[in-house]
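Data block below; observations after.
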Amino acid sequence: MISRNAVQLAPNFQFSQSSLQDYVECKRRFQLRHIERVAWPAVQAQPVLEHEARLVNGQAFHRLVQQQLLGIPENRLSPANSDLQRWWQTYLETRPAEIEGRRFIEITLAATVAGQRLVAQYDLIVITPQTARIFDWKTSARPTKPGATERLFERMQTRIYRYLLVVAGADLNGGYALTPEQITMTYWFAETPNEPVHFPYNSEQFAADERVLTALLTEIQMQALNTPWDLTTQEKTCAFCPYRSLCERGVEAGEIHAEDEIELASPETLDFEQIAEIEF
């Protein structure tokens, strides 16, 4: 039973990969952003204009791909600037999702886990009689630091997207639940189009994801009311958090070129599921 002194989420609150990633990286950031809804006027990364341009371009690239997948003729799709043109050209040359199957574009799946609603918005799911492929478009280079692939595997997006397709994907498969072994998630990187990252799924990973997600959602509900939650011990991440000055973890934003471990975004104004990412 959850104590009356525990956190009370809004009745319509929905957990997503971005909110749970916030929690595992810094509980205080989750509390400020998703519980208290604190708007803090801090720059997330420097240079400001370049950071904002990357976010906007990331959204624009997702729209281009969505329109192309929906059947709009490619000669009617016009990238607005050189970065978009370059990404668009590599996408058209590589055509990462050119496989037969039923396509589900920009689709949202949801399920109840530990009494809470968990949602995910997918860029593309392609289902065949034997397989279910998840595609996610990233407008960054493939992460290359040691252990980067393992960290990408552990991120909430990888866990949640594959897990929810098993739990909530039957309607996409003629009413039949998909098995974990049918599912593969592919991250395709516009900056390095020939180096996608593939994560096949299996029943053991599904069971582990269910344990992790259930534990996290239960833990969040047990957090105390009216008490600041724990700050991250990884203080380097604070340079890229808009709440750093509020938490007395510095004032100046980190340099975007120096950071290849953290996914940056501005959730107050942008959809976290459709943004440009810095390397993880």
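No value in this document is a laboratory result; all are computed from the given coordinates. If you're wondering where the values come from, they're calculated on a predicted model, not measured in any experiment. A quick note on method: Cβ atoms are made from the backbone with ideal geometry, for glycine too, and the neighbour counts reach across all protein chains shown.
Quick notes on this one:
- Ranked by how many other beta carbons lie within 10 Å on average, peptides 58-65, 108-115 from highest: 58-65, 108-115
- Ranked by the mean number of other Cβ atoms within 10 Å of their residues, highest first, the peptides 27-34, 219-226 come out as 27-34, 219-226.
- Evaluated at q = 0.18, 0.22, 0.29 Å⁻¹: base-10 log I(q)/I(0), Debye formula over Cα of the stretch 51-120: -0.80, -1.00, -1.35
- Residues listed by number, the stretch 183-208, amide nitrogen under 18 Å from THR94 label point at 7 Å toward C-beta: 184-200
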